[in-house]
1. If you check 132, 176, which single one turns out to be open to solvent by 10 Å² or more (accessible area, probe 1.4 Å), under 22 Å from the mean Cα position of the chain (by Cα) and under 13 Å from residue 383 (Cβ atoms)?
2. Of the conditions (1) open to solvent by less than 10 Å² (accessible area, probe 1.4 Å); (2) free of Cβ contacts under 8 Å to residues at least 24 places away in the same chain, residue 181 fails just one. Which one is it?
3. List every residue pair whose Cβ atoms sit under 8 Å apart, with the two residues 6 or more apart in sequence or on different chains, where the first one lies in segment 376-398 and is of a type in the set (Lys, Arg) and the second, anywhere, is modelled with pLDDT under 95.
4. Within segment 268-287, does at least one residue satisfy the condition of being among the β-branched types (Val, Ile, Thr), within 10 Å of the ligand (Cβ to nearest atom) and open to solvent by 20 Å² or more (accessible area, probe 1.4 Å)?
5. Do you know which residues across segment 332-370 are open to solvent by less than 50 Å² (accessible area, probe 1.4 Å), within 16 Å of the ligand (Cβ to nearest atom) and not aliphatic (A, V, I, L, M)?
6. Just a yes or no: is a residue in segment 388-399 modelled with pLDDT under 95 and open to solvent by 10 Å² or more (accessible area, probe 1.4 Å)?
7. Identify the single condition in (1) open to solvent by less than 30 Å² (accessible area, probe 1.4 Å); (2) at pLDDT 90 or above; (3) more than 8 Å from the ligand (Cβ to nearest atom) that residue 313 does not satisfy, given that it satisfies every other one.
8. Among the candidates 32, 73, which residue alone is out of contact with any helix residue (DSSP H, G or I) (no Cβ under 6 Å at 6 or more places or on another chain) and either open to solvent by less than 40 Å² (accessible area, probe 1.4 Å) or at pLDDT 95 or above (or both)?
Amino acid sequence: MPTNTLSITDNRTGKSYELPVTDGTIKAADLRQIKTGDDDFGLMTYDPGFTNTASCRSAITFIDGDAGILRYRGYPIEQLAEQSTFLETAYLLLRGELPSKAELERWVHDITHHTIIHENVRKFLDGFRYDAHPMGVFVSTVAALSTFYPEAKRIDDEGSRQSQIFRLIAKSPTVAAFAYRHMIGMPYAYPDNELSYTGNFLNMMFRATEVRYKPDPVLERALDVLFILHADHEQNCSTSAMRGVGSAHSDPYSAMAAAAAALYGPLHGGANEEVLRMLREIGTAQAIPAFIKRVKTHEVRLMGFGHRVYKNYDPRAKIIKQTADEVFEVTGRNPLIDIARELERIALEDDYFVERKLYPNVDFYSGIIYEAMRFFPVEMFPVLFAIGRTPGWLAQWHELLLDKDQRIARPRQIYTGAGERRYVPITAR
Ligand code: SDX
């Protein structure tokens, strides 16, 4: 009768061990008993990039990378993108269930009434270089918000946790828009609480001299869908940063600043900005074969392609590609889309990419939509990603704090440095 155990024989000692298998995993700590002698620390796993290591149990997001499945709390991303709103999806991620009408109204009210940031924030926003990258401003300002809400340190108090969750979801768009306005030298446009979450974000980004900004409903909805698609993605790099910092019981603003800093990287959320730069560098469909050659020699990466988990088409990329056509109806076609589609067509037929299972990921088409909206500069693309990911980061942080298995994150290492040696005075070196 098969049992849920792993039988291991250590050929160094001839000893055998039975390790329990739970949820398709063994506990790494169970390996420590496998030793060659009393002074042996015991066996560890070596897993750079955590390619095969589960860091937690989570009920928030499910991904099947081979089947191209993404679900938030069990709901397929396709259904949420079509029928839900970003704030409703944020509620689902954080509370685990879809809200009733009354619950959603309360949730939207609570978030809408936290959109304003303290006037002191403007003072240090003004201290950034005139052309500071908005993602650098966003990361710094989210961290600085921790100094405005010192009670956020009470991470064991549910009331405080909820207050900070409302504030961060509400203020992310404000901080993002203020960072943009600083970069273009425009006065800050304050929140308009009569508008929807994305309508207000567009208002704070693009209001000029009109008394009240009227967002284009197609762009408002397209942004809502994009935020839904970016809302969570289980244990990606930035979420791992959120959980890592959160595991030290830092406040959620400091943890989210770390998460946003990780997202800023070009291999992660910064890829959408790099996709646009890549498409502009390619310039024409005729130039694609030469670019593909450079990718194959590892001279450049095909930004927006590849994924640690998806070895099939990223389901989010499919939806974004469909949304692009709706946006183009309003903004006019973005010529870069033709280069992107030709690049995708070639890549999906080329053995180099097929063998490595490199498909378009969420970042490949999102940048093109943002660009098509004409107003978002490429520097804003990772910031848009951060706004969308805020509820996911917070849901993961909240789940971590309630998980009895969790402890402060502190991985081990394989030491490769020098053995003990005596200090040599500088006169003798
Ligand atoms: C996001 O984890 C998440 O969930 C992230 C995310 C989220 O929602 O949070 O989905 C968002 O970050 C999407 C990914 C955005 N990044 C990019 O588009 C940047 C380009 N892609 C990569 O650099 C890469 O694919 C990663 C970082 C996404 C994944 O890297 P892995 O899993 O470590 O894969 P790898 O680098 O080991 O690559 C495996 C092979 C290598 O070939 P060989 O060296 O073995 O010959 O595939 C090649 C790589 O060189 N490869 C690529 C490539 N990505 C991988 N070759 C060319 N272009 C690429 N984009």
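1. Just one listed residue meets the conditions, 132.
2. The number of the failed condition is (2).
3. 389/269
4. So far as segment 268-287 goes, no, none of its residues is among the β-branched types (Val, Ile, Thr), within 10 Å of the ligand (Cβ to nearest atom) and open to solvent by 20 Å² or more (accessible area, probe 1.4 Å).
5. Listed by number, the residues that qualify are 344, 350, 352, 353, 360, 361, 363, 364, 365, 366, 367, 370.
6. Looking through segment 388-399, none of the residues is modelled with pLDDT under 95 and open to solvent by 10 Å² or more (accessible area, probe 1.4 Å).
7. (2)
8. 32
The values are calculated or read from the model by the stated rules, or taken from the named source; none is laboratory data. A quick note: this is a predicted structure, and the numbers were derived from the prediction, not measured. Ideal geometry is used to build each Cβ from the backbone, glycine not excepted, and the neighbour counts take in all protein chains shown. These accessible areas exclude ligands, DNA and RNA; they are computed on the full protein's heavy atoms, side chains included. Shrake-Rupley method; radii C 1.70, N 1.55, O 1.52, S 1.80 Å.
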